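Before we start, here is the structure in question, set down as structure tokens.
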Amino acid sequence: MPSNAELIARISRFQNIGHFHPLTCQKESSHEQLRGEEREGQVVLVCPTCGHVQDQVPAFMKVDEFEEVLKDAEDVQSQMAKVASQLGGMTNES
């Protein structure tokens, strides 16, 4: 089980990878993506738009194996950026 600081970092990584549907506000899904914060010794999800607090972090984020999922997704993102960069220098005549 990750520490609170590690869990908050996982939430941030998850929200920023772009391969997963982000965690969104229960009151209004069009608000900004939720952020992990520690409050009273517990990690909660906070909507930066309206301040709504969700006290349940998805259980899958707390499982140690989820760290590998995040690493794999970051690797894919990195590889996709490299390919996009290479394609950006090509023309239709290449």
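Quick one: how many residues across segment 10-35 are small (Gly, Ala, Ser), at pLDDT 95 or above and either under 9 Å from the mean Cα position of the chain (by Cα) or surrounded by 17 or more Cβ atoms within 10 Å (Cβ to Cβ) (or both)?
Of the residues in that region, 1 qualify.
Looking for whichever is under 24 Å from residue 1 (Cα atoms) and either part of a strand (DSSP E or B) or among the β-branched types (Val, Ile, Thr) (or both) here; the options are 83, 69. Which one fits?
Result of the check over 83, 69: 69.
May I pose another question? Looking only at segment 42-81, which residues are more than 14 Å from the chain's Cα centre (by Cα), exposed (fewer than 14 other Cβ atoms within 10 Å of the Cβ) and in contact (Cβ under 8 Å) with a residue 24 or more places away in the chain?
Passing the criteria: 42, 50, 64, 76.
Within segment 2-42, how many residues are in a loop (DSSP other than H, G, I, E, B), on the phi < 0 side of the Ramachandran plot and of a type outside the set (Lys, Arg)?
Within segment 2-42, residues that are in a loop (DSSP other than H, G, I, E, B), on the phi < 0 side of the Ramachandran plot and of a type outside the set (Lys, Arg) number 17.
The values are calculated or read from the model by the stated rules, or taken from the named source; none is laboratory data. In this text, all values refer to a predicted model and were calculated from it rather than measured experimentally. Here Cβ is always computed from backbone atoms with ideal geometry, including for glycine, and neighbour counts include all displayed protein chains.
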